[in-house]
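> Dropping a structure here in structure tokens format, bear with me for questions.
FYI, it's all coordinate maths here, none of it is from the lab. In this text the structure is predicted, and so the values were computed from the model without any measurement. Using ideal geometry, Cβ is built from the backbone for each residue, glycine included, and neighbour counts are taken over all protein chains shown.
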Amino acid sequence: MSETIMKIDHLQKDFSIGLMSKKKVHAVNDVSFDIKKGEIISLIGESGSGKTTIGKLILRLLRPSDGHIYYNDKDITTDYKNKRDYYKKVQGIFQDPFASFNPLFKIDRIFDMIFKNFIESDKNKKEKINDALKCVGMNPEFILRKYPHQLSGGQLQRLLIARALIMDVDVLVADELISMLDASTRIDVLNLLASICKEKGMAVLFVTHDLSLGYYISDTTLIMHRGNLVEKGKTSLIYNNPVHPYTQMLLKSIPDIGKRWDKNEKFLPEDINKKIDDFYKNSDIKKGFIEVEDDHKVLFSL
Ligand SMILES: Nc1ncnc2c1ncn2[C@@H]1O[C@H](COP(=O)(O)OP(=O)(O)OP(=O)(O)O)[C@@H](O)[C@H]1O
Ligand SMILES: [Mg+2]
């Protein structure tokens, strides 16, 4: 069993709606999972199911309403001071890579600042930058002289991976990392990420809508529905034996190459919500989040 580096423990995040209202959205509801060294986890779920909120809680951009996050056994939700050390080891890549770079600085200056802010010694700086850029398939000579606006979305996302490499991060939160890349570059970036994880022991929380990509890349799959973690476990088990009706519906909705769309097959949101309600109501023996087989758990009641 590999080493657990992060423990998400009964995490809860509620947002108030409106200034005066006491109404709350339960964006993340009692979510627990572990992140192991070098593990690729995909976090999958419909829009608004709480995926980005989990990413932001891990990156300490939000405070949880309840629950804890342990990084190397230290509770980062109570210790709010030492963020700099934390960010040396836990980093995020968000959907829009353009927003992650200062548009006024050339790339070499951006990398210089990483060393200045996060890495104590400048020893082998140039070599480290060049190695990381080569590792993500980029030519340092060409890229370091550019401004962010002179690069494509895919190139900027590769630079973010290179940044994580230079910093030797333990956990990378990649929120819709490759959604803006074309299909061929996507596979390159994914393969790159997977090989880095296995080589360097970097763990990735890969937030995605795309089940096929999740299957392709991840060791572990987490399925979210309306703030709840409804199914989690080893990726092959989730995809071959989905138990929660929401996971079953998601998997059925992956289009098959070679099979024409059947216009009689419909997925109406009200149908799936009723199915889920019935599932919770009818599972009177199993309650809560229960193991159905080794490394495979399912939410049987709320
Ligand atoms: N700052 C906020 N204030 C109030 N509500 C918020 C805030 N951030 C998120 N929410 C709500 O929390 C819920 C979860 O949002 P979140 O962004 O985590 O979803 P998501 O799964 O990442 O969706 P998407 O796939 O569309 O990115 C949504 O109902 C959203 O409206
Ligand atoms: Mg999101």
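> Just add up the charged neighbours of VAL298: K/R +1, D/E -1, any other residue whose Cβ is under 11 Å from the Cβ of VAL298.
0
> Which entries of LYS7/LYS200; LYS51/LYS146; LYS51/LYS106; LYS56/LYS274; LYS74/LYS126; LYS89/LYS123 show an alpha-carbon separation above 22 angstrom in the structure shown?
LYS51/LYS146; LYS51/LYS106; LYS56/LYS274; LYS74/LYS126
> I've got another one for you. May I have the pair-distance distribution P(r) for the chain, computed from all Cα-Cα distances with 10 Å bins from 0 and rounded to whole percent?
It works out to 6, 25, 33, 23, 11, 3, 0, in whole percents.
> A further question follows. Sorted from largest down, give the three principal axis spans of the alpha carbons of region 169-245, whole angstrom values.
Taking max minus min along each principal axis of the Cα atoms, region 169-245 gives 33, 27, 24 Å.
> Further, regarding this structure: Counting each DSSP H run of 4 or more residues in the chain as -39500 (n - 2.57), what helix-only mean residue ellipticity at 222 nm follows after dividing by all residues, to the nearest 500 deg cm²/dmol?
Value at 222 nm, helices only: -10500 deg cm²/dmol.
> Need the full-extension length gain, SER301 to LYS123, defined as separation in residues times 0.36 nm minus the C-alpha distance. One decimal, nm.
Working: separation 178, 0.36 × 178 = 64.08 nm, distance 5.47 nm.
Taking SER301 through LYS123 to full extension adds about 58.6 nm, to one decimal.
> Now for a different question. Assuming R0 = 45 Å, what is the FRET efficiency of LYS22 and ASN130, from their Cβ-Cβ distance, to the nearest 0.05?
0.20
> Counting only the backbone N, which residues of region 143-176 are under 20 Å from the spot 7 Å out from the Cα of LYS116 toward its beta-carbon?
Once the point is set 7 Å along Cα→Cβ of LYS116, 144-149, 160, 163-164, 166-168 turn out to lie under 20 Å by backbone N, inside region 143-176.
> Using 0.36 nm times the number of residues separating LYS146 and LYS234, minus their current alpha carbon distance, what extension gain do you get?
Result: 27.5 nm gained on full extension.
> Shifting gears a bit: Let me check I've understood the local charge: for LYS24, count other residues with C-beta under 13 angstrom from its C-beta, Lys and Arg +1, Asp and Glu -1. What total comes out?
+1
> Show which lysines lie in cross-link reach of LYS23 when reach means a straight Cα distance below 17 angstrom and same-chain residues fewer than eight apart are skipped.
Straight-line reach from LYS23, under 17 Å: LYS13.
> Which net charge results when you count Lys and Arg as +1 and Asp and Glu as -1 among the other residues whose beta-carbon is under 13 Å from that of GLY67?
Taking every other residue near GLY67 into account, the sum is -2.
> Please work out the Cα center distance from region 122-160 to region 1-56, rounded to the nearest Å.
Measuring centre to centre over Cα atoms gives 32 Å.
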